[in-house]
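**Q** Mind looking over this structure? Questions follow.
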Amino acid sequence: MATNVFPTGQPNLPPKPPRRSGRTNRLILWANDAFNTDRLFGEKLSLTYFKRALWVALLVLIYVSLTLNAEKLARQAYKLDREINDYRSGLITLEAEIANRGRLPRVVQKMKERGLEESTVAPKKIVVPTQKED
């Protein structure tokens, strides 16, 4: 049989010790002392699931805050939409008033200033005969 001559790494390295963060363990131990979780769940169970419980609590807090923020934004959007509709209806009313002001009343007023009156007689049609060329 052939032997493997491809280098596979350094075979004589000692195994790495598992990483432990002292800060997290201190936090868990402090919380364990503060809330006395050993008495409720047992020592092994409380330390095992405490990190996950903190993570779930953090996610729940984030979810609740985002939901409240979304509801607040929806209420503001609804309020602004109603306000825009009020302004739009006011604008339409003002445009109609401005359009009506410029029509008949002004014309009648200017006619009265010049001494003219509205005609109550229908207009007569004048027909001019055309001459035929021979």
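**Q** Check residue 121 against each of (1) surrounded by 10 or more Cβ atoms within 10 Å (Cβ to Cβ); (2) part of a loop (DSSP other than H, G, I, E, B); (3) among the β-branched types (Val, Ile, Thr) and name the one condition it does not meet.
**A** (1)
**Q** Same structure, new question: Which residues, taken from region 27-79, are polar (S, T, N, Q) and either in a helix (DSSP H, G or I) or at pLDDT 95 or above (or both)?
**A** Within region 27-79, 32, 37, 46, 48, 65, 67, 69, 76 qualify.
**Q** Would you confirm whether any residue within region 90-105 is basic (Lys, Arg), touching a residue at least 24 places away in the same chain (Cβ under 8 Å) and either assigned to a helix (DSSP H, G or I) or out of contact with any strand residue (DSSP E or B) (no Cβ under 6 Å at 6 or more places or on another chain) (or both)?
**A** no
The values are calculated or read from the model by the stated rules, or taken from the named source; none is laboratory data. The shown structure was predicted, so the numbers you read here are calculated from the model rather than taken from an experiment. Heads up, the Cβs are rebuilt from the backbone with ideal geometry, glycines too, and the neighbour counts pull from every protein chain shown.
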